[in-house]
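Coordinate-derived values only; no laboratory data. Computed from a predicted model, the values in this text were never measured in an experiment. Neighbour counts are summed over all protein chains in view; Cβ atoms, including those assigned to glycine, are modelled from backbone coordinates with ideal geometry.
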Amino acid sequence: MTRILTSVILIPLAIWIVLSAPLWAFLLAAALVGVVAYYEFDGIAKAHGLARTGWPGMAFGAVWLAAPDRMSLAILLLGSSTLMLLALRAKDLSRALTSSACGVLGIVYIFGAWRCAVGLREINPHWLVIALLVSWAGDTAAYYVGRQWGREKLAPRISPGKTREGAIASLVAGMLGAAVYAWFLIPEAPVWAVLATGALANAAGQLGDLAESAFKRGAGLKDSGTLLPGHGGWLDRIDSCLFSIPAVYAVFRIVLEVI
């Protein structure tokens with residue numbers, strides 16, 4: 001019940017921010033969630049025995065998120081170089097390489113996905129909702145179908161609770177969710193394109209979920225945090241979206257380049 005109540009509060013708020021909020025509010029919300037998620041990612045890195053990047057990583061991530069496209073690459077390179085230099089402070093220099101690399105990965109992993117969200121919102125905010133919706137619907141379907149009928153383990157070394165039946169249910173729910181949403185709010189979109197995009201985004205989201213689960217399992221952690229009742233941390237809540245959003249954005253960028 002706690003899991004459902006948290007979703008009931010967060011999902012309408014997220015949809016309002018995507019569809020109706022001014023750009024500054026959208027960027028502020030994305031930056032706040034990104035900073036918290038990066039903090040939790042930093043905690044996972046610490047549990048692996050790596051040095052925390054701390055506020056420099058969060059600050060560079062937030063600045064990169066809001067930077068215009070013409071400055072994006074320069075800020076990313078500057079941030080990466082700075083994190084590598086900060087790693088020189090480590091008492092154990094055998095951890096310097098992995099610590100700095102992990103810090104850069106966190107910025108690209110979290111804030112890079114949010115930059116894709118900004119770009120996708122500029123193209124069409126409804127497609128950003130679909131990129132989120134396929135993960136939300138898929139996660140819910142996988143959770144309940146997996147608990148009720150799941151038998152075959154999907155990735156027992158990474159996430160023993162996930163099942164193949166749940167993964168299939170997630171894919172179907174994601175595609176149906178995308179189709180229903182597009183039927184009412186993107187009627188000009190071809191059904192085949194909506195279904196294909198929904199399938200791609202959901203599959204990417206499931207891989208994102210497994211990736212974060214692998215990070216946590218390697219660190220001996222169950223959740224990335226405790227801020228969201230029934231869901232763990234913010235990184236636990238958005239891990240699927242951090243893969244599904246870039247997947248949808250990449251499709252649109254490729255299509256726009258072709259046409």
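Tabulated values for the structure
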read-out	value
Between the stretch 189-247 and the stretch 84-105, the Cα center-to-center distance that results, in Å	27
Kyte-Doolittle mean at least 1.0 and Cα axial length at least 18 Å: DSSP H helices in the chain	2-19, 23-47, 69-86, 164-185, 241-258
Charge dipole (debye, nearest 20) of the chain; +1 at Cβ of Lys and Arg, -1 at Cβ of Asp and Glu	700
Cα extents of the chain along the three principal axes, largest first (Å)	56, 45, 33
Cβ crowding within 10 Å averaged over residues, with 45-51, 127-133 ranked highest first	127-133, 45-51
Per-pair calculated FRET efficiency, R0 = 22 Å: V63 and A250 via Cβ, rounded to 0.05	0.40
Partners for K153 among aspartates and glutamates (Cα-Cα distance below 17 Å; same-chain residues under 8 apart left out)	D139, E165, D209
Mean Cβ count within 10 Å, highest first, over the residues of peptides 8-18, 245-255	245-255, 8-18
Lysines with Cα under 17 Å of K216, excluding same-chain neighbours fewer than 8 positions away	K46, K162
